[in-house]
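First the structure, in the form of structure tokens, and then the observations on it.
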Amino acid sequence: MIRIGIVLGSTRPNRRGDQVARWVLEQAGARTDAEFDLIDLRDYPLPHLDEPAPALYSSGYAHEHTRAWSERIASYDGYVLVTPEYNHAVPSVLKNALDYLYHEWAGKAVGLVSYGVDGGARAAVQLRVVAGVLQMADVAYQVTLSLFTEWENMTVFAPTARAVSTLHGTLDQVVTWSAALAPLRKPAVMS
């Protein structure tokens, strides 16, 4: 069965992303075509990139935290990245987590769920560029959640029907592309 990891891309205190990620997981849980897991970056406290070699060229990882992150990410066929937009950009903790690995991401599909004042659209654009470099296939459907329309008092997540519909389109594409890309995936470099 296809396995999709839902990556919660914020570790900030009082983050809103946990509400969004749980919603994605809840909506995905009704599906029978894939298994979905939540991956909270708080559970993987990666320091600023500290591996001695770039992941693309590495034949093994020097640090246990990298090996644990590699093992977790390698076990999935695709991903949904849940990201806020901080100062018109991707949160540094999410970018750092992506940069730690290469082969584990390659040949896999990725969908984006972004949130912020303007729906996190600029962070999503940046993630599409990064995904391409990591040889991930980013799907066309994208969920953008504005703090003005998808939250009550900008604190309690209350997704609109449009957001639910768009999420289902995103999940459809991530699952379909994850299955289609399976023959292209190489075993991840593990150490």
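The values are calculated or read from the model by the stated rules, or taken from the named source; none is laboratory data. Please read these numbers as outputs of a predicted model, since none were measured by experiment. As a convention, Cβ positions derive from the backbone with ideal geometry for all residues, glycine included, and neighbour counts pool all protein chains shown. For accessibility, only protein heavy atoms count, side chains too; no ligands or nucleic acids. Shrake-Rupley method; radii C 1.70, N 1.55, O 1.52, S 1.80 Å.
General observations
- Net lengthening on full extension, residue 14/residue 182 (0.36 nm per residue, minus Cα-Cα): 56.7 nm
- Gyration tensor (alpha-carbon) shape descriptor, segment 1-89, a/c threshold 1.5: oblate
- Helix 17-28 and the longest principal axis of the Cα set of the chain meet at an angle near 90°.
- Solvent-accessible area per residue in segment 40-191 equals 46 Å², computed with a 1.4 angstrom probe and all protein chains kept.
- Build a GNM of the chain with springs between Cα atoms under 10 Å apart, and of 169, 111, 78 the one that fluctuates most is 169.
- Separation of alpha-carbon centers, segment 8-72 and segment 134-155, rounded to whole Å: 18
- FRET efficiency, residue 125 to residue 32 (Cβ-Cβ, R0 35 Å, nearest 0.05): 0.60
- Under the convention that each Lys and Arg Cβ holds +1 and each Asp and Glu Cβ holds -1, the size of the dipole of the chain around its Cα centre is about 200 debye.
- Rg and Dmax, both from the Cα atoms of the chain and both in Å, are 15.8, 49.
- Within the chain, longest stretch free of exposed chymotrypsin sites (Phe, Trp or Tyr not before Pro) [DSSP loop, at most 13 other beta carbons within 10 Å]: 58-147
- Distances between placed amide hydrogens fall under 5 Å for residue 3 paired with 35, 77, 78, all partners being 5 or more residues away or on another chain.
- Theoretical FRET efficiency, 1/(1+(r/R0)^6), r = Cβ-Cβ of residue 88 and residue 50, R0 25 Å, to 0.05: 0.40
- Distance (nanometres) between label positions extended 7 Å along Cα→Cβ at residue 153 and residue 3: 4.1
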